[in-house]
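None of the figures in this text is laboratory data; all of them are computed from the coordinates on show. Being a predicted model, the structure only gives us computed values, none of them experimental. Using ideal geometry, Cβ is built from the backbone for each residue, glycine included, and neighbour counts are taken over all protein chains shown.
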Amino acid sequence: MTSHSRLKITLLQVLVAIGFLLAWHIATTTSLFADPRKMQFFFSTPTNVLARTWKQLSGAEIWYHLGITLTETILAFVFGATGGVLCGFLFARRELLAAVFDPYIKAANALPRVVLAPIFALWFGLGIWSKVALGFTLVFFIVFFNVYQGVREVSQTVLANARMLGMNERQLMRHVYWPAAMTWMFSSLHTSVGFALVGAVVGEYLGSSAGLGYKIHEAESVFDVTGVFSGMLILTIFVIVLDTIVTMIENRLLVWRPGQSTTTANG
Amino acid sequence: MQAVSAAPETAGEAARPPAISLAGIDITFALKDGGRYQAVKGVDLSVAPGEFVAVVGPTGCGKSTLLNAAAGLLQPSAGKVGILGEGLAGINLKAGYLFQLDALMPWKTALQNVAVALEPQGVPAREAEERARAWLARVGLRAFTDRYPHMLSGGQKKRVALAQVLIRDPKILLMDEPFGPLDAQTRQIMGNLLLDLWAQDRKAVMFVTHDLEEAISLSDRVVVMSAGPAAGIVGDYRVPLSRPRDIADIRLDRDFHEIHRQIWQTLKVEVQKAYAAGEGRDMA
Ligand SMILES: Nc1ncnc2c1ncn2[C@@H]1O[C@H](COP(=O)(O)OP(=O)(O)OP(=O)(O)O)[C@@H](O)[C@H]1O
Ligand SMILES: [Mg+2]
């Protein structure tokens, strides 16, 4: 793609955003469709939302809530990924275990995890741990299935080669199975971090006294549409930042993977 | 010069046990549908220390299968595998195996792939890395030590695999169409590289290929396998060409053409049989 069309695309993208904001602005500040006051009650206005977002981000309170959500996300991810890697690994290497637990794992994975939120609130209270638990149940299965599949589908040739080099079981683990498992863990990184966040926010939304989900819920309960939208905007920014960090980590750790290679293009 | 016999040709070497001895090898696979497929039947083959033996045969006849039996990756249904005079149980750690397909660990750089081959022997990491570096230089990859396999060309990957196998200094080399996927020039370059390295310490080599010219230009002896099922050995020819050889030049040699003509007469029949069998299976 030339730099010219790249620029063009960016311009068009900006144009879409401006068009959307403009339409929103006109719809809510003029009496084109309905009474502006009524429209603003339902839809707020872009300027109000942006102003509120700015005000929130320059205050201290929102950072506290962001901190809580981030903590829950990270904990859910770390526990879920660790559990998923260990179990996936174990199951892949122990045929019997996998065969026996197969139906239960499928059943547990089929269950919509949101219904667990109230139970977790009951078990772990309204603090961060009930959210971590919810995120854990989401992350665990994604990582588990990926690692399980990945370890089982290690190239037979690579494996035979490693054995011909004289590797014992421990060395095979270290040089073949474990890297394969980690690869698959990382290839599900975007999804699992995303789900860790979903767990945290949904948990907060359903019952808590802190976090982004709580802030959005709080605004909703008093019909503060501006607050809801600005909460959503902050959440979106948060997700984008998190995703960018994940991409950076991924590029660092999976340099050996085909398709990840970079070429130097002009522009 | 031809000898259709499995008897050891090197009478003076009789005292030394063969590097590889396959005796009465049968290999039968159990199929998923409950049936059985006998790939190899009654194979006797021995490779003397320092001997370079090429195994040719039509596709699907059981060359890889036989090699896997010699490598200890596959347990024959009947018969005995002897390695340097001892019966083989489990993986054949005296042998290095160059695989038909990519066998490098994709998550390790060229250097790491070669160095890790020394870990099972308990070589300290620092020393292993130094030796791996030296080996990569020997196979002409000095500048590529930190590349991952996917950043290497097919020929370069084969060089890394060769270094990985040779750094362990195995007494025996098993090679399964190692240069199969490479283009003609690269094959010749790799063939010469292999002969160079081999000439330095003359390991016993069992080299599987479907390319008769490659087989003759590299080896001391060419063994022809029949078409499957129940493939066996139908020809055993000594290659009357002197060493050192350049595998591009040697193809112009008169003796080369003569031995090629002889072996091809045996091989052709088997290739046609395999082809006919394949056709028949397709129609069924
Ligand atoms: N695991 C297996 N189960 C059943 N049949 C097998 C198995 N492995 C190989 N075979 C069969 O045994 C025969 C010999 O296979 P092998 O891979 O040794 O052939 P090959 O001579 O190496 O062929 P190529 O030159 O194409 O590599 C083939 O007919 C193949 O279908
Ligand atoms: Mg084969």
Computed about the Cα centre, the charge dipole of the range B:161-284 from +1 Lys/Arg and -1 Asp/Glu charges at the Cβ has a magnitude in debye, to the nearest 20, of 320 debye
What number, in nm² with one decimal, is the all-direction average of the projected area of the convex hull of the alpha-carbon atoms of chain B? 16.1 nm²
What is the pair-distance distribution P(r) of the range A:1-43, computed from all Cα-Cα distances in 10 Å bins starting at 0, with each bin given as a whole percent? 28, 31, 20, 15, 6
With chain B treated as a Gaussian network of Cα nodes joined by springs under 10 Å, which of B:97, B:237, B:148 yields the largest mean-square fluctuation? B:148
Taking the Cα atoms only, what angle lies between the long axis of helix B:254-283 and the longest principal axis of chain B, rounded to 10 degrees? 70 degrees
Could you give me the radius of gyration and the Dmax of the protein assembly as shown, taking only the C-alpha atoms into account and expressing both in angstrom? 32.7, 109
Rounded if a/c under 1.5, otherwise prolate or oblate - chain A, Cα gyration tensor axes: oblate
Per DSSP H run of n ≥ 4, the term is -39500 (n - 2.57); total these for chain B, divide by its residue number, and report the mean residue ellipticity at 222 nm rounded to 500 deg cm²/dmol. -11000 deg cm²/dmol
What the 10 Å binned alpha carbon P(r) of the range A:110-192 shows, as percent of pairs per bin from 0, is 17, 32, 23, 17, 9, 1
Using only DSSP helix segments of four residues or longer, with each worth -39500 (n - 2.57), what per-residue ellipticity at 222 nm results for chain A after dividing by its residue count and rounding to 500? -26000 deg cm²/dmol
Could you pull out every whole DSSP H run in chain A that spans at least 30 Å of Cα extent along its own axis and averages 0.5 or higher on the Kyte-Doolittle scale? A:3-29, A:61-93, A:128-152, A:225-253
If each residue's Cβ is checked for other Cβ atoms within 10 Å, how do B:179, A:124 rank with the fewest at the top? A:124, B:179
So, with points 7 Å from each Cα along the Cβ direction, the residue A:250-residue A:12 label distance in nm works out to 2.5 nm
Under a Gaussian network model of chain A whose springs join Cα atoms within less than 10 Å, the largest fluctuation of A:140, A:195, A:223 belongs to A:223
When N is the residue count of the range B:33-112, what does its C-alpha Rg come to as a fraction of 2.2 N^0.38 Å? 1.29
For the range B:100-169, diffusion coefficient by Stokes-Einstein and Kirkwood Rh (Cα), 4 °C, 1.567 mPa s, µm²/s: 112 µm²/s
Going fewest to most other Cβ atoms within 10 Å around each Cβ, B:129, B:258, A:204, B:86 line up as B:86, B:258, B:129, A:204
Based on alpha-carbon centroids, what's the gap between the range A:213-257 and the range B:76-151 in Å, whole number please? 47 Å
I'd like to know which of A:128, A:12, A:47 lies farthest towards the positive end of the charge dipole of chain A, counting +1 on Cβ of Lys and Arg and -1 on Cβ of Asp and Glu. A:12
Antiparallel as a % of all DSSP beta bridges within the protein assembly as shown, to the nearest 5? 55 percent
In a Gaussian network model over chain B where Cα atoms closer than 10 Å are linked, find which of B:117, B:143, B:227 has the largest mean-square fluctuation. B:143
Taking neighbour Cβ counts within 10 Å as the exposure measure, how do A:113, B:202 sort from fewest upward? B:202, A:113
